[in-house]
Amino acid sequence: MRLARVIRQRLRSLFGRSDLENDLQRELALHLEQLAKGYRSEGMSERDANDAARRAFGPLAVTAEQCRDTRHTRLLEDTGKDLAYAWRLLVKSPGFTATAVLSLALGVGANTAIFALVKQVVLDLLPVRDPNHIVAISKTSLQFPEATRSFSNPFLRDLQTSANLPFEGFLGFDRWDQIAMQAESAAEPVSIEFVTGNYFDLLGVHAAVGRLFTSSDDRIAGGNPVVVLSHNFWQRRFAAEPSVLNRTIDLNNHPFTVIAVSSRGFDGLDTGHSPDLRVTISMAPTLVQFPGPPALSNRGSRWIQVFGRLKPRVSYDLAAESLTPLLLQDHDLDPGRARRSEYRAKVLASERMHVTPAAQGTAGQRHTYERAIWTLGLMVAAVLLLACVNIANLLLARAAARAHEFCVRLAIGAGRLRLVRQLLTESLLLGVFGGGIGLLVAYSLGGILISLVVSDRVHSTLAVAPDAAMLAFNFAVALTASVAFGLAPAVQSSRSALAPALNAAHSSNLRLLGRKIMISLQVAISLMLLADAGLFIRSLNNLRGIDVGFRTDRLLQVTLDPSNYAPERLPDFYNRLVEQIRSLPGVRAAAFGRQRLVSNASWKSGIAVPGFTPPDGDDGPSRDVIGSNYFSALGIPLIYGREFTDADTASAPRVAIVNQAFAQFYFGNQSALGMRIGPGGGKPDYTIVGVTRNAKYREMREATTRFWYVPFAQLGEETSSFRALTLFVRASSDPNSMANTIRAAVGRVDKSLALFNIKTVDAQIGDNLRLERALATLSIFFGMVAGLLAGAGLFGVVLYSVAQRKREIGIRIAVGARPAQAAWTILGNVAFFVLVGVAGGIVAALSLSSLIRRLLFGIQPNDPLMLSTAVLAICVIALLAVLIPASRAARVEPLTTLRCD
Amino acid sequence: MSDGSGPKTCGLTIVDYRGSIVDYRGITLLAKSSDLIQGTLDLLILKTLAREPMHGWGIAKRIQQLSDDVLSVGQGSLYPALYRLEQQGWISAGWRDSDLGRSAKFYCLTREGRKQLEAELNSWKRLSAAVALVIQKA
């Protein structure tokens, strides 16, 4: 009961203030009246009675104040008044408010955008049950000291069926992007993930619709054509209709039934990529061709990533050791055991299993983006610091103008803390507005960031979704920043002495020391950012300038997968298709091969060169199968010999073409023409008929690679494994308009064929350089913003300094200084701090060079040319910034200044 | 009063190191010596209101009368005390027509206020007994 009463009192104190005030006044007035009545009854006159009553009562205002104090709402009322006052002040000076709020919004928003990325790439855990128990299984060996993560299906089954392991279960998955989904009349490419039957169950993922895979779905090879859609795909492609359940979808011309849709927000263990469909591993051979023996029972075919769920409180080392017996068993059961070389035996003996925590899924996305994101994070933090310093300068200038107001308040009894509280309230109000607009900036900047960095937006899991963490971070940063830039001006203002007139005369050099130090800081930070921008731009140019070894202009590459063609018909089919394409108007040249160019694809199968023993641990050359006129279509020059022609059929003598690096490595100075080679472990019955110039095959930054080519028709019994090939088309005009023509031409040959990834090589290279381009773009942007902020800060300080020291300049000119010398009195001082800033910036740039070294290509972080360019840029900015104030100083009229003071 | 002797000696009250006054059982009677005045005023107000609801002027007059003009409560302490007691929920207030010719703010004791009055009376009795004891024996 008492609590209710107390609460009611508190609420009345907050909301019924005017009523309470009236009550108080009436009550005290009544008391006074009674006192006066008493005195009047003793015979005093009315006026005397009133005065006596007042004297008897005591200090009325103090009593009223004490009564108000008992209400304990002081803090709230004061804050409310402070906020109202701060709001009025901000509205009255729109220029200042706009500048401060916008620069704060930019700094805060940029930080929030980077934080959203950091959260998704580095911090977020998988949306599964107990993600901290999920681990990744990997293997290291002498030959591959960096962990290999792919295992064979038999080994996976061994793990799953083995008892007494400290694991609750194992799952496997593998992503496959070249699957055609036939729907209506056209075929479209989809991204598939092959998973084990217990995948969803072990992860604790539920179905949005239908029922998910169970272990029994994965038992029989090819026996259970069921598919689970991902939530994204269901929304995008089927508009989230529940009727999609039990519908039949054709994948590579095989019918599959949709049995479920996985829950929203689950994108799999492959970070950054959200597959469209999931199918059991047992159905993999139906959809995809694997080279060699049947994939599901082939211990040598390692294509599945294995993750496990560890039992609680098991150490990773213990878990890894528990898997060793299975590894050894795998070695023993390997059918190729007898043919093992000594080196291979050594490698196998050195193999070790590793169990690593994988609460965030695979580490691929994180490795790609982590360093870049941290670098960007530092940049935006620096920009925020600059913005705060600028706003602090602005506040200091304003506080100096309000010194009179503070003196009066201090004189009538306000405590310093009260003044500081009010000024901090003003800063916090700025912070709230800056934070609100910063949220908008974060949203748009985040969107720009992601579109700069991610090439496959459809399947990417990176998104800018405003969630609680982002909001909290945004406003926490905004409010911390506002306290940071508001504290110094607040403390300094509350220190206002009660005789401001005295201060004008004493040297103002010391008073501006704080601001000048901040100038140095701003110059140092801007120098670092500009130097980094220069480095990233040079690095990008270096990458763009790499000679890939073939002509990239107007070259399209298209992947096809004619899955329902018999292997013998394939060479014919492709030849016919290429002829069709070559006859299209607008096509200058066309050819086909297996590997896409500069798309991170590589294929090795060892090499047999009679009379040559490769050194231990040598990986062998990369290879490809191609059609006729491949090199002329791609613009790779042939140095010796000839191209493949249509005459190189399956019945003709087997031929091969190698590149210079291959010839050099295996044959030295001898001519490679006429030499015989063959795939590893096979017969060397391919005769070399041509040698080409070296090129970049897999990616632009690779070292020189040995390469050999074989005609597709002469691939032999492996033809069945290589159905999907890539078509290369060089257009004579705009390649993007060729896409539809090509699709139509392929449709004329076979309607059920899906075309994957129709992309120009230029676009592919652009995609490969996405991250570098993003870094260059963003660092230029932030560098310019930093330069602008530093320039504005410098401008403000010098302007203020000139205004403060007008009298002194006037005197100097009066006693004979030339205008330039007068200007130099101000600038000399500031120039010193700018130079200190430049020195500091150089030191900082050099010490942080190790951070960005790995992001650069072809240029060192402490490149002297870049640093000097950045220094020059800063000096130019500084000069521009001080131009106006300096000319103002030079033009000071001594008479006017001395008179009006 | 700073005897400094142990708790059970002759049932004397002890002033501990903070200057607060406790009895031999260790129950704190007064936290600070300045609280003496505030606590007494609260007691007087509560006791006055125990008889009948009254306005501020009436309370001051009544205390003065009953103490034979010895205790004259200053307005500067009466009204803050009334407001404090109201905030704490011991008394409640309402505007009513009064005998003064205009409406006045009447205070009356709440149920919790009556219990608080009992507690304060008990503390006061113990305190005054202890003081009397010391004066007798000193």
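Just so you know, all these numbers are worked out from the coordinates, no wet-lab data involved. Given the structure is predicted, the values throughout are model-derived calculations rather than measurements. We place every Cβ from the backbone using ideal geometry, glycine too, and count neighbours over all the protein chains shown.
Using the Cα centre of segment A:90-157 as the reference point, and only Cβ charges (+1 on K/R, -1 on D/E), how large is the resulting charge dipole? Debye, rounded to the nearest 20. Don't jump to the answer; show the numbers that get you there.
Numbers: 6 positive and 3 negative charges, 22 e Å.
The calculated dipole for segment A:90-157 is roughly 100 debye.
Neighbour counts of other C-beta atoms within 10 Å: give me A:GLU342, A:GLU193, A:GLU405 arranged from fewest to most.
Details: A:GLU342 8, A:GLU193 23, A:GLU405 13.
In order of increasing Cβ crowding within 10 Å: A:GLU342, A:GLU405, A:GLU193.
Would you calculate, for chain A, the mean residue ellipticity at 222 nm contributed by helices, counting each DSSP H stretch of 4 or more residues as -39,500 (n - 2.57) and dividing by all residues, to the nearest 500?
Details: 29 runs with 467 residues, N = 901.
Only helices count here, giving -17000 deg cm²/dmol.
In whole Hz, with x marking every Gly and Pro, tabulate ³J(HN,Hα) for segment A:104-118 from phi via Karplus 6.51 cos²θ - 1.76 cosθ + 1.60, θ = phi - 60°.
Karplus-based 3J(HN,Hα) across segment A:104-118 equals 5, 4, 4, x, 5, x, 4, 5, 5, 4, 5, 4, 4, 5, 4 Hz.
Taking the Cβ of each residue in A:THR248, A:THR97, A:THR760 as the centre, tally the other Cβ atoms inside 10 Å and list the residues starting with the fewest.
Working: A:THR248 10, A:THR97 17, A:THR760 21.
Final ranking by Cβ density, sparse to dense: A:THR248, A:THR97, A:THR760.
Starting from the amide H of A:ALA208, placed 1.01 Å from N in the peptide plane, find each other amide H under 5 Å away whose residue is 5 or more places distant or on another chain.
Amide H neighbours of A:ALA208: A:VAL261, A:SER262, A:SER263.
³J(HN,Hα) across segment A:381-393 via Karplus (A = 6.51, B = -1.76, C = 1.60, θ = phi - 60°), whole Hz, x for Gly/Pro?
So the J values, rounded to whole Hz, are 4, 4, 5, 4, 4, 4, 4, 5, 4, 4, 5, 4, 4.
Say the cut-off is 23 Å between C-alpha atoms; which of A:LYS346/A:LYS696; A:LYS92/A:LYS806; A:LYS92/A:LYS516; A:LYS696/A:LYS751; B:LYS47/B:LYS137; B:LYS47/B:LYS125 go over it?
Values: A:LYS346/A:LYS696 32 Å; A:LYS92/A:LYS806 28 Å; A:LYS92/A:LYS516 28 Å; A:LYS696/A:LYS751 34 Å; B:LYS47/B:LYS137 31 Å; B:LYS47/B:LYS125 14 Å.
Long pairs (Cα-Cα over 23 Å): A:LYS346/A:LYS696; A:LYS92/A:LYS806; A:LYS92/A:LYS516; A:LYS696/A:LYS751; B:LYS47/B:LYS137.
Among the aspartates and glutamates, select those whose C-alpha is under 12 Å from the C-alpha of A:LYS37, and discard any that sit fewer than 8 residues away in the same chain.
A:GLU46, A:ASP48, A:ASP51
Just want to confirm a number: the relative contact order over segment A:748-901, from Cα pairs under 8 angstrom separated by 6+ residues, in percent. Don't skip to the answer; put the middle values down first.
Values: 80 pairs, mean separation 64.1, N = 154.
Dividing the mean separation by the residue count of segment A:748-901 yields 42 percent.
Need one value for B:85-95: mean number of C-beta atoms belonging to other chains within 10 Å of its residues' C-beta atoms.
Working: counts 1, 6, 8, 5, 9, 2, 1, 3, 2, 0, 3.
Taking the mean over all residues of the peptide, I get 4.
Among A:VAL383, A:VAL830, which comes first, second and so on when ranked by fewest other beta-carbon atoms within 10 Å? Could the numbers behind the result be given before it?
Values: A:VAL383 25, A:VAL830 22.
The most exposed by this proxy come first: A:VAL830, A:VAL383.
Starting from the amide H of A:PHE167, placed 1.01 Å from N in the peptide plane, find each other amide H under 5 Å away whose residue is 5 or more places distant or on another chain.
Under 5 Å from the amide H of A:PHE167 lie the amide H atoms of A:LYS311, each far enough along the sequence or on another chain.
Can you give the convex hull volume of the alpha carbon atoms of segment A:360-427 per residue, in Å³? Please report the intermediate quantities before stating the final value.
On the way: hull volume 6.9 nm³, N = 68.
Per residue, the Cα convex hull of segment A:360-427 comes to 102 Å³.
Convert each backbone phi in segment A:311-317 into a coupling constant with the Karplus relation 6.51 cos²θ - 1.76 cosθ + 1.60 (shift: θ = phi - 60°), then list the ³J(HN,Hα) values in order as whole Hz, x for Gly and Pro.
Using θ = phi - 60°, the values come out as 5, x, 6, 9, 7, 5, 4 Hz.
Which angle between 0 and 90 degrees, to the nearest 10, do you get for helix A:416-453 versus the longest principal axis of chain A when only C-alpha atoms count?
Roughly 20 degrees between the two axes.
Which entries in A:LYS139/A:LYS311; A:LYS139/A:LYS759; A:LYS604/A:LYS683; A:LYS119/A:LYS139 show an alpha-carbon gap greater than 24 Å? List each step's numbers first, then the result.
Numbers: A:LYS139/A:LYS311 20 Å; A:LYS139/A:LYS759 35 Å; A:LYS604/A:LYS683 16 Å; A:LYS119/A:LYS139 29 Å.
The pairs that break the limit, which is 24 Å between Cα atoms, are A:LYS139/A:LYS759; A:LYS119/A:LYS139.
For segment A:1-81, what D do you get in µm² per second when you plug the Kirkwood radius from alpha-carbon pairs into Stokes-Einstein at 37 °C and 0.692 mPa s?
On the way: Rh = 14.6 Å.
The estimated diffusion coefficient comes to 224 µm²/s.
Counting Lys and Arg as +1 and Asp and Glu as -1, each charge on the Cβ, what is the dipole of the protein assembly as shown about the Cα centre in debye, to the nearest 20? Before the final figure, lay out the partial values.
Values: 112 positive and 86 negative charges, 539 e Å.
Magnitude of the dipole: close to 2580 debye.
Report the calculated FRET efficiency for A:LEU102 and A:MET700 (r = Cβ-Cβ distance, R0 = 35 Å), to the nearest 0.05. Don't skip to the answer; put the middle values down first.
Numbers: r = 40 Å, r/R0 = 1.14.
The computed FRET efficiency comes out at 0.30.
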